[in-house]
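Worksheet: one structure, shown below.
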Amino acid sequence: MELKGKVAVVTGGASGLGEATVRNIVAQGGKALIMDLNMDRGKAIVAELGKENVIFDKTDVTSESQVKEALERTVKTFGAVHICVNCAGIGSGIKTVGKNGAHPLDVFKKVIAINLIGSFNVLRLCAEIMQNNEPNSEGERGVIINTASVAAFDGQVGQAAYSASKGGIVGMTLPIARDLARAGIRCCTIAPGLFHTPLFDTLPQEAYDSLSAQVPFPKRLGKPVEYAKMAQSIIENPMLNAETIRLDGAIRMAPR
């Protein structure tokens, strides 16, 4: 599927991996809806890239009604939805049992709700719209890309909730691809390693250098634009389906 003239929904599109994806989609001639809670940043991106290319909607990805309203606005503005890229997510660092007792259940539920249930909520509603698209020469009507993490495979100490949420994303990739095959909708997952997102800007240089040194090659953190390029490759290659791709510089995370 070519990006030119296509409409993408990008959750978490106001920063980090999602923002890079939005910028790349627009650079390739596509249009995008940013679903995010960061209104100031979202509106700034719209102002920079142009309302004719990007719209922003403050959306809680776990809310069925909010996601439906955002998608209805997207179809009304741009005429269709062809691509869904789920980048919205949160992390947590709490041991199963720590100094303060057992892992708080509400924190575990929140991580699962946003990362896993939120991704499924958005993609299912996007797919419902995509199935009505005119198929291209390959019979494609849509592409869904979810974001997992190497933590789905190499979860570290304190990452039970985060790893569970990302492992769920990996696990649902194949059945979703099989479910949507009859409609010509593909589903893949990207599992990033250590990427330089705004979260890392708060780290001391020593900690940043230590993390970079853990990556075999290239010996640095990933760049959000590299995630965006991988998303573009998935969109443009019709044979990529039901696959989880590690984008990690060959890193395998240690227990700590």
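The values are calculated or read from the model by the stated rules, or taken from the named source; none is laboratory data. Since we're looking at a predicted model, the values are computed, not measured. When we count neighbours, we look across all protein chains shown, and the Cβ atoms used for this are built from the backbone with ideal geometry, even at glycine.
Here are some notes:
- If the condition is being touching a Lys or Arg at 6+ places or on another chain (Cβ under 9 Å), of a type outside the set (Asp, Glu) and not in a helix (DSSP H, G or I), then the range 35-61 contributes MET35, LEU37, ASN38, ASN53, VAL54, ILE55, PHE56.
Let's see how each residue does on (1) touching an Asp or Glu at 6+ places or on another chain (Cβ under 6 Å); (2) among the charged types (D, E, K, R); (3) touching a residue at least 24 places away in the same chain (Cβ under 8 Å):
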site: GLU19; (1), (2), (3): no, yes, yes
site: ASN24; (1), (2), (3): no, no, yes
site: GLN28; (1), (2), (3): no, no, yes
site: GLY42; (1), (2), (3): yes, no, yes
site: ILE45; (1), (2), (3): no, no, yes
site: VAL54; (1), (2), (3): no, no, yes
site: PHE78; (1), (2), (3): no, no, yes
site: VAL85; (1), (2), (3): no, no, yes
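- VAL67 being at pLDDT 95 or above, crowded, with 23+ Cβ neighbours inside 10 Å and not in a strand (DSSP E or B): yes
- Among the candidates MET239, MET253, residue that is assigned to a loop (DSSP other than H, G, I, E, B) and free of Cβ contacts under 8 Å to residues at least 12 places away in the same chain: MET239
- Search result, residues across the range 154-171 that are farther than 30 Å from ARG73 by Cβ and either in contact with a Ser or Thr (Cβ under 7 Å, 6 or more places away or on another chain) or touching a residue at least 60 places away in the same chain (Cβ under 8 Å) (or both): ASP154, GLY155, GLN156, VAL157, GLY158, GLN159, ALA160, ALA161, TYR162, VAL170
- Residues being crowded, with 18+ Cβ neighbours inside 10 Å, over 30 Å from LEU105 (Cα atoms), of a type outside the set (A, V, I, L, M, F, W, C) and within 19 Å of the chain's Cα centre (by Cα) - total across the range 116-172: 1
- Whichever residue in the range 194-211 is within 17 Å of the chain's Cα centre (by Cα) and without any contact (Cβ under 8 Å) to a residue 60 or more places away in the chain and, among such residues, is nearest to SER165 (Cα to Cα): LEU194
- Looking across the range 173-188, the residues that are basic (Lys, Arg) and either surrounded by fewer than 18 Cβ atoms within 10 Å (Cβ to Cβ) or over 19 Å from the mean Cα position of the chain (by Cα) (or both) come down to ARG178, ARG182.
- Scanning the range 93-135 for residues that are in contact (Cβ under 8 Å) with a residue 60 or more places away in the chain, of a type outside the set (Gly, Ala, Ser), part of a helix (DSSP H, G or I) and out of contact with any Cys (no Cβ under 8 Å at 6 or more places or on another chain) yields ASN121, LEU125.
A quick yes/no check of all residues on (1) among the β-branched types (Val, Ile, Thr); (2) within 26 Å of VAL97 (Cα to Cα); (3) at pLDDT 95 or above:
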| residue | (1), (2), (3) |
| --- | --- |
| GLY168 | no, yes, yes |
| ASP179 | no, no, yes |
| ILE185 | yes, no, yes |
| THR189 | yes, no, yes |
| ASP201 | no, no, no |
| PRO204 | no, no, no |
| TYR208 | no, no, no |
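- For the range 212-250, filtered to residues that are buried (at least 16 other Cβ atoms within 10 Å of the Cβ) and over 20 Å from the mean Cα position of the chain (by Cα), the residue that is farthest from ARG141 (Cα to Cα) is SER212.
- Failed item in (1) under 20 Å from the mean Cα position of the chain (by Cα); (2) closer than 27 Å to VAL170 by Cα; (3) assigned to a helix (DSSP H, G or I), with ILE90 passing the rest: (3)
- Check on ASP40, within 18 Å of the chain's Cα centre (by Cα), modelled with pLDDT of 95 or more and of a type in the set (Asp, Glu): no
- Residue that is within 17 Å of the chain's Cα centre (by Cα) and part of a loop (DSSP other than H, G, I, E, B), where the choices are ALA14, ALA32, ALA20: ALA14
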